[in-house]
Structures are given as C-alpha cells and as structure tokens.
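As structure tokens, the structure follows; a few thoughts come after it.
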Amino acid sequence: MSEFLHIPVRTVSSSLFGTASEVVYARFKKIKRRDPECQAYIRKVVRSPFFQILMISTVATNAFFMVLGTDYHIRYKLFRLFEVSEIFFVSIYACEFLMKVYVEPIKFWRDGYNLLDVVIIIIVSIPYALRKIKGNRYKNLHIADGIQSLRILKVIPYSRGIRTLITAVGQTVYTVASVLTLLFILMYIFAILGFCLFGVPENGDLNNWGNLAAAFFTLFSLATVDGWTNLQEELDKRKFSVSRTFTIIFILLASFIFLNMFVGVMIMHTEDSIKKFQRELMVERHLTLMEEKQMILKRQQEDVNRLMNTQKSGGRSFIKLVEDFKKTLQHTDPMVLDDFGTSLPFIDVYLTTLDNQDTIISKLQELYYEIVNVLRMMLEDLPQQKASRSSEMMI
C-alpha cells in the first residue's frame, strides 16, 4: 500500500529498519566463535539420520502416551509413569532446542519450522505455569491440557514430504482466497434472494431462511450437498414454486463449479510441489554420487602414488605391482573408471590392448610380406609366359 501511495515516511522507516537489521546481522557475523570444533560436532549430530529418527520416535511415543492419557482408568493407574514420561519428553524437546540454537544462534530464528518448535515448547510450558500460578483447580486448565496435542507438529520439520505439502498449500493461498471470495459473493447473493423468497413471516421456513445468518448456514449445507433433500422437502411443504429451481441452480454453481475449482487448484499446486520435490531429490542424489566418486578417485590416486613409490624403492615392475594389488581387491570394492590416469583396471586393459595391437600389427606385416612375394613371383613368371606364346604362334 505504501508503494502505491508513495508515502515517504513509511519508505524511510522501512529502509532504516532493514539497514539496521543488516548492520546488526553483519556485526554478529563478524564475531568469531571460540568453539568451532564443538559447533561442527553438534551440527553433525543434529543433522545426522540417527538424531532425526530419535526425534521422530520421541514425538510418536509422546503422541501414544497422550492417547493413553485420554482413558481415565489408565491415567489413574499409571499416574507416576505419565509424570515421569512428561518430564522425559519435555527434556528432550528442550535439549533439541538448545542444540539447534547453539549451532545457529542467528539463522535459527529465520526458519519458520524452528519458530514452530519454539511455539510448541511455549505451549508445553503453559500447563506447568498455570498450575503454579492458578492451582490445579483452575477452570481453563483443561484447555491448556487439550492444546498439548499440538506436540505432534514437531514431526513436520523431520518429514520432507509433509513440508512439501505445506509448501503447496501455502502457494495456493492467493488462488484459493479468490475462489472463496467468489463463493462468498455467490452465497451472499443467494442468501438475500432466499431470505426474500422463503423467509417471509406468513408461510416461510423461518428456521432455515428466517434471517441472513440462517440463510448462510443453509446455503453452506446446500454447497456441501449435505442434507439438501430435507431442506428441499421443507420448501416443498410450503409450496414454493421456484424452490427447486433455486436449489438446483445454487448446487450447480456452488458445489459442481466453485468447490471443484477449489479442489482442482489444490491438486495442481500439490502436483507441482511434488515434482519440484522429486527434482530436488534427484539433484541431491547426483551431488551425493559425485562426492562419493570424488572420494573414490582420491583414494585411487593415493593407491597409485603408493604403488609408484613402492616401485621406486623396491625396484619391482609396475605391472607386477598392479597384479599384486588386484589380488587384494574384493568384488564389493567400488571402482571409478572416469579418470583414466588413475584407474587401475583401465591401465591393465590399456596395456593388454597395446600388446594385442602389436601382435596384430606383426601378423599384418607378415601377411603383407607374403602378398608382396606372391605378386613378385607372378611378375617374374609373366615374361616367360609371353615368350612361350609368341613361339607357339610362329610355329
């Protein structure tokens, strides 16, 4: 809005705020930590698959205990177990939060999923705070206990598939908002029309069309095609002639057009997000494969250098060293044949190919010599044959 209205005060304030935030971030970035090794180790632990599996298992176990806690008899018998498990789960969530903040104290607050973890930790601490401040008989304490079910949302940062779906939903916000706006306009028009047609005090259906709020609720039932036959029967009892036309037109517009459009938009964006997710997985797999190949090539180069040093020190031939080295390899050892200068199988095949090439060339030379000898002998016999033919003709 400020860009279209060209309000200078807002522009200056926003630029000053952005500049100040950049300056603060640059100053924090210049600060050198004194524990880079410990930070790298904690980062490796947090990003490891084992840590992710541990957190997913913890969240799942916590959800299972919350399901058991909904049964009063089980909760009464295992009261101490539930208290100990609650302390255990909260401790793990707090340790996870502290480890992530320790690794990235600034970038941590830029990730929306990290902020979700912070909100969940705050929600977890609400019942304890209310019990300490208000006591165990506080009337709204059950609400604080009920929202503890949001803990299951901690599994979202560890599931790329769920994050992909959330991204798809976020991308459809503007399109879905437009569809819902059109649906609201349609419902507004038909609500006024239905109130005027079927909400008359004399013979109207006052329960369903008596006011604008009831008309909106009735139209919502018609849009979802839930109990529309009962609503139509109420109108038929009062003998409204245009009721069926009204119902059919609204159901066709609201249910078969707008709601299907809403579903179609969601499916399209979800499909695009899934394709993008698959492309990212392919890129990551390719990068991982390239890293593994680079590591194997580096190891092969080190092996070749070691063999060359052994040849210089021991006086043994390189081919013999390669043969001895090949005997130590197993069928499961990976070999990269991209770099021809350091690939032992390629060196072996190349040397064998050169030997075969020398053998073939020598055989071809012998064949050429035989062909030349035959041609020479044929040329020597040619004059004698001509002389014999001329003598026969004279006789």
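Quick check on my filter: what residues within region 193-221 are among the small types (Gly, Ala, Ser) and either over 17 Å from Leu253 (Cα atoms) or touching a residue at least 40 places away in the same chain (Cβ under 8 Å) (or both)?
Gly194, Gly199, Gly204, Gly210, Ala213, Ala214 - these are the residues of region 193-221 that are among the small types (Gly, Ala, Ser) and either over 17 Å from Leu253 (Cα atoms) or touching a residue at least 40 places away in the same chain (Cβ under 8 Å) (or both).
Just wondering, is there one or more residues in region 180-191 that are surrounded by 14 or more Cβ atoms within 10 Å (Cβ to Cβ), β-branched (Val, Ile, Thr) and out of contact with any His (no Cβ under 8 Å at 6 or more places or on another chain)?
no
Might you let me know whether region 135-148 holds any residue that is closer than 28 Å to Thr167 by Cβ and either without any contact (Cβ under 8 Å) to a residue 24 or more places away in the chain or in contact with a Ser or Thr (Cβ under 8 Å, 6 or more places away or on another chain) (or both)?
Scanning region 135-148 turns up no residue that is closer than 28 Å to Thr167 by Cβ and either without any contact (Cβ under 8 Å) to a residue 24 or more places away in the chain or in contact with a Ser or Thr (Cβ under 8 Å, 6 or more places away or on another chain) (or both).
Could you give every pair whose Cβ atoms fall below 7 Å, whose first residue belongs to region 98-126 and is aromatic (Phe, Trp, Tyr), and whose second residue is part of a helix (DSSP H, G or I) and surrounded by 13 or more Cβ atoms within 10 Å (Cβ to Cβ), counting only separations of at least 6 or pairs across chains?
Tyr102/Ile42; Phe108/Lys100; Phe108/Val101; Phe108/Asn114; Tyr113/Ile156; Tyr113/Pro157
Of all residues in region 235-250, count the ones that are assigned to a helix (DSSP H, G or I) and either small (Gly, Ala, Ser) or surrounded by fewer than 17 Cβ atoms within 10 Å (Cβ to Cβ) (or both).
Result for region 235-250: 7.
Taking the options Lys132, Lys139, Lys154, name whichever one is part of a helix (DSSP H, G or I), among the charged types (D, E, K, R), loosely packed, with under 12 Cβ neighbours inside 10 Å and at negative phi.
The match here is Lys132.
Quickly run through region 54-101 and pick out the residues that are more than 13 Å from Ile121 (Cα to Cα) and of a type in the set (Phe, Trp, Tyr).
Phe64, Phe65, Tyr72, Tyr76, Phe79, Phe82, Phe88
Taking region 155-166 as the search range and keeping residues that are aliphatic (A, V, I, L, M) and touching a residue at least 40 places away in the same chain (Cβ under 8 Å), which one is farthest from Lys275 (Cα to Cα)?
Residue satisfying both the conditions and the ranking: Val155.
Only one of these is of a type in the set (A, V, I, L, M, F, W, C) and in contact with a Leu (Cβ under 7 Å, 6 or more places away or on another chain): Leu153, Leu183, Leu193, Leu212. Name it.
Going through Leu153, Leu183, Leu193, Leu212 in turn, just one is of a type in the set (A, V, I, L, M, F, W, C) and in contact with a Leu (Cβ under 7 Å, 6 or more places away or on another chain): Leu153.
Looking only at residues in region 167-185 that are among the polar types (S, T, N, Q) and part of a helix (DSSP H, G or I), which one is nearest to Lys276 (Cα to Cα)?
Thr167
How many of the residues making up region 203-255 are more than 18 Å from Ile192 (Cα to Cα) and more than 49 Å from the chain's Cα centre (by Cα)?
Residues meeting the conditions: 6.
We did not get these values from a lab; they are worked out from the coordinates using the rules stated. Bear in mind that the values here come from a model prediction, so they are computed numbers and not experimental data. Note that we place each Cβ from the backbone using ideal geometry, even for glycine, and neighbour counts take in every protein chain shown.
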